[in-house]
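See structure below.
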Amino acid sequence: MTSHPFPLPLDDLTEPTSIALAQSIRCQNIMTPLSQEPIPTTFVQQGTAADGTAPLLLLHGFDSSVFEFRRLLPHLSPHRACWAVDLLGFGFTRRVPGITPSPATIKTHLYACWQTWIQQPVVLVGASMGGAAAIDFTLTYPDAVQQLVLIDSAGIGVGPAIGRFLVPPLSNWATAFLRNLKVRQSISLRAYHNPSLASADALRCAALHLEQPGWAEALIAFTRSGGYGSFRQQLARLQQPTLILWGRQDRILGTAAAEQFRQAIPRSQLVWLEHCGHVPHLECPQQTAEAILQFTAASSTAGDASYSATHSVESV
């Protein structure tokens, strides 16, 4: 049974895509091996599957939510069935006592979501930390993933080893720092190449989940778990056709990792999104969607000769 998960302050949202996504968020109890109790999980489902096409399953980045895909989904859902989910410990998915958010529990919960909603191979799309989650999921459950899309993805380098320092009172200071809207806006401005897109509405979308019960505790627990490290030694095991999308002006992860991913993943191609920063799905959603749709259509019939390619897409 699904329901609307929480009362949303729609008066504070101004972009039509933000309002539309807020109205489409649903919550469902998901049974997992992690607990005898279900996990109330928030998600968005849009679009209808055409014959022979795999659904898209979208995974957001660190300390984010399904709102991250508000500008991208309108360009994808007319063509494909699309699912976006709030990962365990993030967004509006309920923080359940006794379940520590970690890469292991996140992929266990995500697999239970896939079994509940989809039950067929998907095109798994991960942005930033969501890319690392997508890689981890694909390595563990390869039969659930038909194709992989990594958008300015984490997972090639080793993350900062700050988890061991997240103990009181430093942990309280760190979460208070991340809750500060001026800090979040500063991070957003760095993530975008075009600062005008880091609007007041965008800031509101990025902060809506901060008032969820257990937000700070879950963030601390995930970080102390070590988070997502480097998958560099495991990437050669990925046999799914993989699209690597990267903003040419990424100032969060830089740009060197894009080519490193392309060289390490056997059946991959790299597409540069020009005039975009770390969040091309928010900054140039139409070009991002076109690249994803072209890739999924072409790679379903193409041979290996179409991979290990690199090209650029101009954004407007």
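The values are calculated or read from the model by the stated rules, or taken from the named source; none is laboratory data. Being a predicted model, the structure only gives us computed values, none of them experimental. A quick note on method: Cβ atoms are made from the backbone with ideal geometry, for glycine too, and the neighbour counts reach across all protein chains shown.
Summary of computed values
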read-out: Per-region count, the range 186-236, residues in a loop (DSSP other than H, G, I, E, B), of a type in the set (Ser, Thr, Tyr) and either surrounded by 19 or more Cβ atoms within 10 Å (Cβ to Cβ) or within 18 Å of the chain's Cα centre (by Cα) (or both); value: 3
read-out: Those residues of the range 76-94 which are under 17 Å from Ala134 (Cβ atoms), part of a loop (DSSP other than H, G, I, E, B) and of a type in the set (Phe, Trp, Tyr), in sequence order; value: Phe90
read-out: Single residue of Leu58, Leu73, Leu10 found to be free of Cβ contacts under 8 Å to residues at least 60 places away in the same chain, crowded, with 20+ Cβ neighbours inside 10 Å and not small (Gly, Ala, Ser); value: Leu73
read-out: Residues of the range 8-66 classified as among the polar types (S, T, N, Q) and in a helix (DSSP H, G or I), total; value: 4
read-out: Positions within the range 112-133 being touching a residue at least 60 places away in the same chain (Cβ under 8 Å) and surrounded by fewer than 20 Cβ atoms within 10 Å (Cβ to Cβ), in sequence order; value: Ala112, Thr116, Trp117, Ile118, Gln120, Pro121
read-out: One residue from Ser128, Ser102 being under 16 Å from Leu282 (Cα atoms), modelled with pLDDT of 95 or more and polar (S, T, N, Q); value: Ser128
read-out: The lone exception for Arg262 - which of (1) under 22 Å from Gln286 (Cα atoms); (2) of a type in the set (D, E, K, R); (3) surrounded by 15 or more Cβ atoms within 10 Å (Cβ to Cβ) it fails; value: (1)
